[in-house]
Structures are given as structure tokens and as C-alpha cells.
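One structure below.
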Amino acid sequence: MAKILELSSSLPTRSIAQGDTILTEGEKDGEILILISGTVEIRKDDKIVTAISSSGAIFGEVALLLNEGHSANAVALSDCEFHVMDNADDVMSKNPELYREISKTLARRLTRVSEKVAELLNRVEFEKDLNDFEMSLFWED
């Protein structure tokens, strides 16, 4: 993430006050935000998903790249400062290394999600096997 922060240093900045909404679920605003400082809470369906305070963390990239609304809400838990990328195609042509680093971040996120899904599927399968075993104990003579 430090590399993303370094590569995005020429982009415009935006300050967001503590408690303010940064991204709204379903909204299309066409921006990628790169955290310089502060802490951001990600919420989905009124549930806290995570809190992020790592400089160089990116927000809004999926909505911009897919031209869709944001998949979650982001709220500033403290005063925050961001670099703002509002034209991914322009940044890709002018700063391909930044775009490559953002792509690597997305690939790492996808890998982590895939690992979590596999872990959850294994847990569900284990619970099903355990339930079957417990039922067989109950019904055996």
C-alpha cells in the first residue's frame, strides 16, 4: 500500500471530517479514493464489515472500474485525507504503474475472499458431517 500512496502523490487531495459519509452504497460517483491518513469504517447492510487505517488503502475502485454503484458505505471514523482519482482511463495512460499496483491490490483481495469462501465451505461441510454423526448416534439402537 505504501507504493500506491507514493505513486498517487501527484493526484488531487480531499479532506473528509470525522463522522461524514465517504461513499454511499449504490451511488455512482466515479472516483477512487486512496487513504493518506485517518480511519475509515466499511458498512454493508448496516453491519460493520471492517475498519481501515492503512495509508494507501483504496476505496471505490470496483464501482469506478465496473461503472456500477458502490457495494458498501464508507464512513470517516476520524478526520481523513485522500488522494482522488476520478478518471481511471486517464490515470492508466499517465501512470500505468499506479494502475498496476491497484490491480495487484484487487488480485490480493480476490485471493483472500476465495480463501475465506473455501474456509466457510469446509466449515459448513464439517458441521453437516457432525450433524449426520450426531443423528446416527441418536437413532442407533
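The values are calculated or read from the model by the stated rules, or taken from the named source; none is laboratory data. Since the model is a prediction, treat every value here as computed from it, not as a measurement. When we count neighbours, we look across all protein chains shown, and the Cβ atoms used for this are built from the backbone with ideal geometry, even at glycine.
Structural remarks
- In region 8-26, the residue that is modelled with the highest pLDDT out of those that are assigned to a loop (DSSP other than H, G, I, E, B) and hydroxyl-bearing (Ser, Thr, Tyr) is 24.
To keep it simple, each residue is scored yes or no on (1) under 22 Å from residue 2 (Cα atoms); (2) of a type outside the set (Val, Ile, Thr); (3) touching a Phe, Trp or Tyr at 6+ places or on another chain (Cβ under 8 Å); (4) crowded, with 18+ Cβ neighbours inside 10 Å.
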| residue | (1), (2), (3), (4) |
| --- | --- |
| 26 | no, yes, no, no |
| 31 | yes, yes, no, yes |
| 35 | yes, yes, yes, yes |
| 40 | yes, no, yes, yes |
| 45 | no, yes, no, no |
| 51 | yes, yes, no, no |
| 56 | yes, yes, no, yes |
| 64 | yes, yes, no, yes |
| 71 | no, yes, no, no |
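- Residue 27 vs. criteria charged (D, E, K, R) and either in contact with a Ser or Thr (Cβ under 7 Å, 6 or more places away or on another chain) or under 23 Å from residue 12 (Cβ atoms) (or both): yes
- Only strands (runs of 3 or more DSSP E) whose full extent lies in region 47-106 are considered here, and the ones with at least 3 residues that are under 11 Å from residue 31 (Cβ atoms) and modelled with pLDDT of 90 or more are 80-85.
- Leading residue by the ranking (farthest from residue 84 (Cα to Cα)) among those in region 1-49 that are out of contact with any strand residue (DSSP E or B) (no Cβ under 6 Å at 6 or more places or on another chain), free of Cβ contacts under 8 Å to residues at least 60 places away in the same chain and of a type in the set (Lys, Arg): 47
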